[in-house]
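Participant: This is the structure I want to talk about, given as C-alpha cells.
A short reminder: the numbers here are calculations on the coordinates, not readings from a lab. What you see is a predicted model; the values in this text were computed from it and never measured. For neighbour counting, all protein chains shown are included, and Cβ atoms are generated from backbone atoms with ideal geometry for every residue, glycine included.
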Amino acid sequence: MWQALNLAKVAYEEDEVPVGALVVLDGEVIGKGYNLTERLRDVTAHAEMQAITAASEYLGGKYLEYCSLYVTLEPCTMCAGALYWSRISELYYGASDFKHGFTNYCVSLHPKTKVYKGLMEKECLALVQSFFEERRK
Amino acid sequence: MRTGRLQVQAVLADKFIKNVDTCNVFVANISDKKQTSRIMRQLSELCPLEELQHLKRVRASKEKDVPLQVVVHKPLDPDSDQAVLEAVKNIEGMGKPYLLKVPASPPLTRRQYNEAIKYWPVNFHEDKEIASMVSGNYFTEAEHLDIEQYMGMALKLANIGKAKGQIPIGAVIVNPVSKKVIAEAYDLRQAGYPLQHAVMVAVDLVAHSQGGGMWNFDETFNGLKFLEVNSMDSSQSSCEYLCTGYDLYVTQEPCVMCSMALVHSRIGRVFYGASHPGGALGSSYKVHCQQGFNHHFLVFKGCLQEQTDRLYDNR
C-alpha cells in the first residue's frame, strides 16, 4: 500500500487526481499505474485500468487469478467492472469514495474477489483532500 | 411505429415504465358544493398538499348523495395525524376524514396517467420527448437511415474481429453534427487484454484522435481506426470531455465497465443491437440513468437487431 501511495504522490506532482494502484502476484509487483486522465486526455485512464492492463500484459493472459490489487481510493463503477472481468482474487483499497465509489451502487465484483478496505485510509484520504483543496484555491 | 428490420427502442429509466404506486391519504366528503371554495381555503391553510401537488384537491364523488370528495391530509405518524384531524374537525360542511388509496407520485407517461386517474384525478404535463420515445416515433426517416448505416459499420467491424479470433463485437463513435466517424473499433479481449472490450477500445481511440490514449494497439489489429487530430472538426472544443456530443453504435449491449466509461467520457447517445443478460444499459442495470452519476445519456436498443442477434446465436 505504501507503494500505491507513492504512485499516487507521483500523480499529485503531475497535477493529476492522486490515485495509485498496483497488482501483486506472490509478493511481486506485476503491474502498476497512477491516474493519468489529464495527460492521456482519456477519462478512462484510471490507475486501476493501467495496473490491470500492465499485469495482464505481464502474464500474457486475460485473467488475474491469484493476484491482488492495491489502490489508494475506492474504485469507481468502471474500475469495479474492470476488476470483475480480470477475476482478481483480492482488492485492497485505502480511502472510501462516498460519491463515486462502486459500493455506493449495486455493482458487484467477481464472486471470487475478496475485498479489504481502509488500509492506510488516513494517508490515502489526506492526499486526495489536499489535492482538491489546493485546486480550489 | 416503424416495422421491418429496424426497430429502435428507447431504454427508459424505470420511473417511466413502472406501474402507478399508491398511498393512503385522508379524504372527506363535502355535501354542499357551494361550500367548496371556503373549505378549500381553510384546508390549504391548515394542511397544504405538499408532496401530493400532483393530486387535484377535489373530485366529484361517485356516490349519489355526496357530491364532492376532498383530499385532507397524508398520514405521517399517529400524533401529528391526530393533531391535523383535530384541527380540521371544525371546518364546517366537511365530513369526517377517512382513508383512501391515491397515486403516490405524478404520472410521467400517458399510460401512467390513465392508470393513475382510476384512483384519483391528477395533474399531468406530458413530456413530448418521452412520449415520442414511448410511441417509437422519436426518429425521422433520415435519422433511421443514419442509425442503420452506422450500425452496419459496427456489424462489419464485429466480423473483422471475428475473423481474427475475437468475440464479434464492433463499435463506432460518430459526431452526429458533422456526421464524421471518429473511431472504429472491435473487441480485443481474446487477444489477452481483459479490458479491451470494443467500447473501451473505441473510447480509447477517441482519446488517440485527440492526441492522447491509454493503450497502444498492435498493428496486426488492422481495421481499428480513428480520425486524425488535424482533420478533427472544430465543433469539439478541447475543454470538453472525451465524447461530448458523440454517438456510439455497438452491436451488443455494453457491460458495467464500458457503460461507466461512457459516463466518464460524457457520451451523447448510445445505440446497440443485441441485448445481453449482464448488460448495463437496460438488462442488468441502467447505468445511463443511474441517480448519483454525474452524466446521463439516451440509450436505444434493437438497432439492426436481426443481424446483431445472429452474431451471438451460439451464446
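Participant: Which whole number of Å³ per residue matches the convex hull of the alpha-carbon atoms in the protein assembly as shown?
Facilitator: On the way: hull volume 91.4 nm³, N = 452.
Residue-normalised Cα hull volume stands at 202 Å³.
Participant: Let me know the charge dipole size of chain B about its Cα centre in debye, to the nearest 20, where only the beta-carbon of Lys, Arg (+1) and Asp, Glu (-1) is charged. It would help to have the intermediate numbers written out before the result.
Facilitator: Numbers: 34 positive and 34 negative charges, 202 e Å.
Result for chain B is approximately 980 debye, rounded to the nearest 20.
Participant: I'd like the distance separating the alpha-carbon centroids of region B:150-206 and region A:5-68, in whole Å.
Facilitator: Region B:150-206 and region A:5-68 have Cα centres spaced 24 Å from each other.
Participant: Antiparallel DSSP bridges in the protein assembly as shown: what percent, to the nearest 5?
Facilitator: Details: 43 of 60 bridges.
Bridges in the protein assembly as shown that DSSP calls antiparallel: roughly 70 percent.
Participant: Could you tally the net charge around B:G93, taking each other residue with its Cβ under 9 Å from the Cβ of B:G93, Lys/Arg +1 and Asp/Glu -1?
Facilitator: On the way: positive: B:K34, B:R38; negative: B:D32, B:E92.
Once positives and negatives cancel, what remains is 0.
Participant: Do the sum for chain A: with -39,500 (n - 2.57) for every DSSP H run of n ≥ 4, divided by all residues, what is the mean residue ellipticity at 222 nm, to the nearest 500 deg cm²/dmol? Kindly include the intermediate steps, with their values, before the conclusion.
Facilitator: Working: 4 runs with 51 residues, N = 137.
-11500 deg cm²/dmol, from helical runs alone.
Participant: Still on this structure, please answer the following. Among rounded, prolate and oblate, which fits region B:67-108 when a ≥ b ≥ c are the square roots of the eigenvalues of its C-alpha gyration tensor, a/c under 1.5 means rounded, and a/b larger than b/c means prolate?
Facilitator: Verdict is oblate for region B:67-108.
Participant: Check cross-link reach from B:K118 to the aspartates and glutamates: straight Cα distance under 15 Å, and skip same-chain residues fewer than eight apart.
Facilitator: The qualifying aspartates and glutamates are B:D21.
Participant: Multiply the residue separation of B:E126 and B:T140 by 0.36 nm, subtract the distance between their alpha-carbon atoms, and state the gained length in nm to one decimal.
Facilitator: Separation in residues times 0.36 nm, less the Cα-Cα distance, equals 3.0 nm.
Participant: Same structure, new question: If you put +1 on each Lys and Arg Cβ and -1 on each Asp and Glu Cβ, how big is the dipole of region B:174-231 around its Cα centre, in Debye rounded to 20?
Facilitator: On the way: 4 positive and 6 negative charges, 46 e Å.
Dipole size: approximately 220 debye.
Participant: Oh, and also: Is region A:95-136 best put as rounded, prolate or oblate by its Cα gyration tensor, with a ≥ b ≥ c the root eigenvalues, rounded for a/c under 1.5, and otherwise prolate when a/b is larger than b/c, oblate when not? Display every interim value, and only then the final one.
Facilitator: Values: a/c = 4.20, a/b = 1.87, b/c = 2.24.
Judged from the Cα gyration tensor, region A:95-136 comes out oblate (a/c at least 1.5, b/c at or above a/b).
Participant: Quick check: pseudo-label points 7 Å beyond the Cα along Cα→Cβ at B:A13 and B:M40, how many nm apart are they?
Facilitator: Once both label points are built, they end up 3.1 nm from each other.
Participant: To the nearest whole number, what is the average tally of beta carbon atoms from other chains within 10 Å of the beta carbons of peptide A:42-52? Mind showing how you got there, number by number?
Facilitator: Working: counts 14, 14, 18, 7, 3, 0, 1, 7, 3, 0, 3.
Averaged over the peptide's residues, the number is 6.
Participant: A:D15: net charge of surrounding residues, Cβ under 11 Å, Lys/Arg +1, Asp/Glu -1, itself excluded?
Facilitator: Values: positive: A:R39, A:R135; negative: A:E13, A:E14, A:E16, A:E38, A:E134.
In short, -3.
Participant: Here is a follow-up. Is the shape of chain B rounded, prolate or oblate, going by the alpha carbon gyration tensor and its root eigenvalues a ≥ b ≥ c, with a/c under 1.5 for rounded and a/b larger than b/c for prolate? Write down the numbers at each step before the final one.
Facilitator: On the way: a/c = 3.21, a/b = 2.87, b/c = 1.12.
It comes out prolate by the Cα gyration axes.
Participant: Let me have the relative contact order for region B:78-221, percent, based on Cα pairs under 8 Å that are six or more residues apart.
Facilitator: Numbers: 154 pairs, mean separation 15.9, N = 144.
Result for region B:78-221 is 11 percent.
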